[in-house]
Amino acid sequence: MTQIIEFETERLRLRQWLSTDREAFAALNADSRVMEFLLPLSTATESDALMNKIQALIAARGWGFWALEERATGAFIGFTGLHIPMAELPFSPCVEIGWRLAFAHWGKGYATEAAAGALAFGFEHLRLSEIVAFTALPNLRSQAVMQRLAMEREPATFAHPAVPDGSLIKEHYLYRIKRNAWLRSNNRAQ
């Protein structure tokens with residue numbers, strides 16, 4: 001049986017998903033502000049299916065897109081973590097870092113804090129050589145998080161194969177961070 005990895009940052013807990021997360025996750029996935037630069041809004045059924053898939057991937061690997069909880073309140077606020085993309089991307093195979101937070105929790109530094117913890121896990125425990133992130137060109141908030149994480153943007157964009165042609169979010173930026181660069185930027189021994 002695979003050991004499920006869970007950990008905490010200063011203000012957050014990254015953990016396996018619970019059945020009690022379903023309602024809040026469905027609300028997050030139905031919020032047009034949260035989903036502005038993602039694919040269409042989800043129904044509760046679609047949200048449940050996505051949660052089941054993410055939960056199963058964590059159960060199989062021990063890691064993935066962890067449920068994100070505020071330590072002070074125990075409230076579910078979204079997800080953050082590492083994932084092997086299903087879509088055949090121009091830079092596959094890869095491990096990506098991603099996040100999705102409820103609108104009420106934007107602007108508090110939670111995405112950056114949780115993502116920094118996920119990067120540390122990926123580089124220190126999984127010993128990954130590189131982690132990538134990508135987002136639609138107009139998604140300036142996610143790009144700012146990637147920059148705060150010391151990720152570097154590739155000069156060329158790419159057309160995301162899972163996004164319909166003609167969509168305003170078809171073109172994406174790719175950001176990367178190599179393990180050695182992360183170790184240097186975090187004053188860790190190599």
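Annotation: per residue accessible area for the chain equals 51 Å², rounded to a whole number [probe 1.4 Å, protein chains only]. Protection proxy ranking, highest mean first, for peptides 126-136, 159-169, 41-51: 126-136, 41-51, 159-169, where packing is the per-residue count of other beta-carbon atoms within 10 Å, averaged. In order along the stretch 102-109, phi translates into HN-Hα couplings of 4, 3, 4, 10, 6, x, 10, x Hz, rounded to whole numbers, per the Karplus curve 6.51 cos²θ - 1.76 cosθ + 1.60 with θ = phi - 60° and x for Gly and Pro. By the Cα gyration tensor, the stretch 103-190 has an equivalent ellipsoid whose semi-axes, rounded to whole angstrom, run 25, 17, 11 from largest to smallest.
In this structure, the amide hydrogen of Trp66, modeled 1.01 Å from its nitrogen in the peptide plane, lies closer than 5 angstrom to those of Thr80, Gly81, Leu82, counting only residues at least 5 positions away or on a different chain.
If you take all C-alpha pairs in the chain, what percent of them are over 22 Å apart? Result: 46 percent of Cα pairs exceed 22 Å.
Length available on full extension from Arg33 to Ala49: 0.36 nm per residue minus the Cα-Cα distance, which gives 3.6 nm. Here the stretch 128-176 exposes an accessible surface that is 52 percent carbon and sulfur, computed with a 1.4 Å probe and the other protein chains kept in place. Computed over neighbours whose Cβ is under 15 Å from that of Gly109, the net charge equals +2, Lys and Arg +1, Asp and Glu -1. A Cβ-based charge dipole, computed about the Cα centre of the chain with Lys and Arg at +1 and Asp and Glu at -1, lands at about 540 debye.
Is the C-alpha gyration tensor of the stretch 67-143 telling us rounded, prolate or oblate? Criteria: a/c under 1.5 is rounded; beyond that, a/b larger than b/c is prolate, otherwise oblate. It is oblate, given that a/c is not under 1.5 and a/b is not larger than b/c. Fully extending the segment from Glu70 to Ala24, taken as 0.36 nm per residue of separation minus the present Cα-Cα distance, adds 15.2 nm.
As a rough guide to protection, the peptides 86-97, 105-116 ranked by mean Cβ packing within 10 Å, highest first, stand as 105-116, 86-97. If you add up the charges near Val132, with Lys and Arg at +1 and Asp and Glu at -1, over every other residue whose beta carbon is less than 13 angstrom from its beta carbon, what do you get? Net local charge, Val132 excluded: 0.
The values are calculated or read from the model by the stated rules, or taken from the named source; none is laboratory data. Keep in mind that this is a model prediction, so the values were computed, not measured. Please note: Cβ atoms are built from the backbone with ideal geometry, for glycine as well, and neighbour counts cover all protein chains shown. Quick note on the areas: whole protein, heavy atoms, side chains included, nothing else; ligands and nucleic acids left out. Shrake-Rupley method; radii C 1.70, N 1.55, O 1.52, S 1.80 Å.
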